[in-house]
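Accompanying notes for the structure given below.
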Amino acid sequence: MTSQTITAAASGTWKLGDLTVNRIGFGAMRLTQTGEAFAANAIPRDRGPAISVLRRAVELGVNHIDTAAFYFSSLRSANELINRALGPYPDNLVITTKVGPGRDPSGAWLPHAAPDQLRAQVEENLRQLGRDHLDVVNLRVVGTASITERFGALAQLRDAGLIRHLGLSNVTPNHLAEAQAIAPVVCVQNRYGIGVRPEDDEFVRACGEQGIAFVPFYAIAGAGRELGTTDVESDEVLAVARAHGASAAQVRLAWTLHRGPHVLAIPGTGDPDHLAANVAAGALRLSEAELAVLDSLHQDGT
């Protein structure tokens, strides 16, 4: 499929609270470096190309950017690249960030922030992004322990005006219910894609029924996760891709968007051609027969 004239508007829209976004967005995780995300030996990406990709994303209609203060390499910070490339920000641009984990200047991961440490993480995002408030803040969760105190701390920052809307990342349905008892949740961001966590299908549907955006990460990479896409692709995905003159990555993105109007996509890249292809995937319409084949593949966990 051609991607030259397709913009993110082709993917349709959804609301994060009162903020309308196109369903194809941009993930900033890979913006600061090439190779495996967060790897010590990853190569920092040049500033100029990273800034160009961000500006091109906005030109292509992307108005939802996912980032975090812990997205950085030895030379680059994703938040500061976003600030440099896009500030002063367009009125319709929604920036979603995450708090909870942290990394020291060497890149080593730090213990997850306690409730009384979350304000500092929020303020660090504000400083790096050059904002007086954050559009959406996701609490990134590891494990199954209660999130009541931490989410409650973010709700207080929302009440104070530092955060507009709250979301969750890497969570279970129990976490969502726990958070909703404290404050409204506008999005859930979990690992999901063809063959990835088919056991979460009901969770995806339940989010839609409650008007909550479901935002898959690693939707293209699948099992590759931080390593990115692999050279091995299923025959089923390749067959659908050939039928549409599309890439396997575009088919994987399109499949996630077909899971419901509340499902968003945040593929990330530092390559302008890959960016255009990712945006164009929002216009890819799969047939019922193709969806049935891909759904079967998904259920098989491959």
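The values are calculated or read from the model by the stated rules, or taken from the named source; none is laboratory data. As the structure is a computational prediction, the values presented were derived from the model and not from experiment. Heads up, the Cβs are rebuilt from the backbone with ideal geometry, glycines too, and the neighbour counts pull from every protein chain shown.
Here are some notes:
- Residue within segment 49-68 that is surrounded by fewer than 21 Cβ atoms within 10 Å (Cβ to Cβ), touching a Ser or Thr at 6+ places or on another chain (Cβ under 9 Å) and among the hydroxyl-bearing types (Ser, Thr, Tyr) present: no
- Flag if Pro88 is in a loop (DSSP other than H, G, I, E, B), loosely packed, with under 14 Cβ neighbours inside 10 Å and at pLDDT below 95: no
- All positions within segment 14-46 that are of a type in the set (Gly, Ala, Ser) and surrounded by fewer than 24 Cβ atoms within 10 Å (Cβ to Cβ): Gly17, Gly35, Ala37, Ala39, Ala40, Ala42
- For beta carbons closer than 9 Å, sequence separation of 6+ or different chains, a first residue in segment 25-36 that is within 13 Å of Ala69 (Cβ to Cβ) and a second that is among the charged types (D, E, K, R) and at pLDDT 95 or above, the qualifying pairs are Ala28/Asp66; Met29/Asp66.
- Leading residue by the ranking (farthest from the chain's Cα centre (by Cα)) among those in segment 124-142 that are under 20 Å from Asp18 (Cβ atoms) and assigned to a loop (DSSP other than H, G, I, E, B): Asp132
- Gly260 passes every criterion in (1) in a helix (DSSP H, G or I); (2) under 26 Å from Glu199 (Cβ atoms) apart from (1).
- Matching residues in segment 53-88 - criterion: being within 19 Å of the chain's Cα centre (by Cα), free of Cβ contacts under 8 Å to residues at least 40 places away in the same chain and more than 19 Å from Pro267 (Cβ to Cβ): Phe70
- You will find that of Ala254, Ala246, Ala289, the residue that is assigned to a loop (DSSP other than H, G, I, E, B) and at pLDDT 95 or above is Ala246 and no other.
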